[in-house]
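The values are calculated or read from the model by the stated rules, or taken from the named source; none is laboratory data. Fair warning: this is a prediction, and the values are worked out from it, not measured in the lab. Glycine gets a Cβ as well: all are built from the backbone with ideal geometry, and neighbour counts include every protein chain shown. What goes into the accessible areas is simple: the full protein's heavy atoms, side chains included, and nothing from ligands, DNA or RNA. Shrake-Rupley method; radii C 1.70, N 1.55, O 1.52, S 1.80 Å.
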Amino acid sequence: QVQLVESGGGLVQPGGSLRLSCATSGSGFGITGMGWYRQAPGKQRELVAVITSGGTTNYADAVKVRFTISRDNAKTTVYLQMNSLNSEDTAVYYCKVWKNGVDYWGQGTQVTVSS
């Protein structure tokens, strides 16, 4: 069983920045991908960004240029640097890890963009 612990969410003004972190339990062996999803009120959960074990990244069109996904050298922690935030970025952000053929989800962290 893999445990994911997210942190870094909060309230930020439009145009501001936040950095989300997601730490996984255990080693990075077997992890084939790590990513971030988000779910706004009344909407479906959507992909924000992913990074593969080889380091390839992919982003939703809505966040390209503004968001950056990265991970630590041990490949056990994934980050999401979010810049130029706007109200449409308000959502609960979830970390997801693919390990040994199984999907694992974090508990979610709230990001609210408001003045």
Given the conditions (1) surrounded by fewer than 19 Cβ atoms within 10 Å (Cβ to Cβ); (2) at pLDDT 95 or above, every one holds for residue 32 apart from (2)
When restricted to 70, 53, the only residue of a type in the set (Gly, Ala, Ser) and closer than 17 Å to residue 7 by Cβ is 70
Being at pLDDT 95 or above, in contact with a strand residue (DSSP E or B) (Cβ under 6 Å, 6 or more places away or on another chain), assigned to a loop (DSSP other than H, G, I, E, B) and open to solvent by less than 60 Å² (accessible area, probe 1.4 Å) is the requirement here; does residue 85 meet it?
yes
From the option list 79, 93, single residue qualifying as touching a residue at least 12 places away in the same chain (Cβ under 8 Å), in a strand (DSSP E or B) and open to solvent by 20 Å² or more (accessible area, probe 1.4 Å) is 79
Picked from the stretch 44-57 (must be assigned to a loop (DSSP other than H, G, I, E, B) and free of Cβ contacts under 8 Å to residues at least 24 places away in the same chain), the residue surrounded by the most Cβ atoms within 10 Å (Cβ to Cβ) is 53
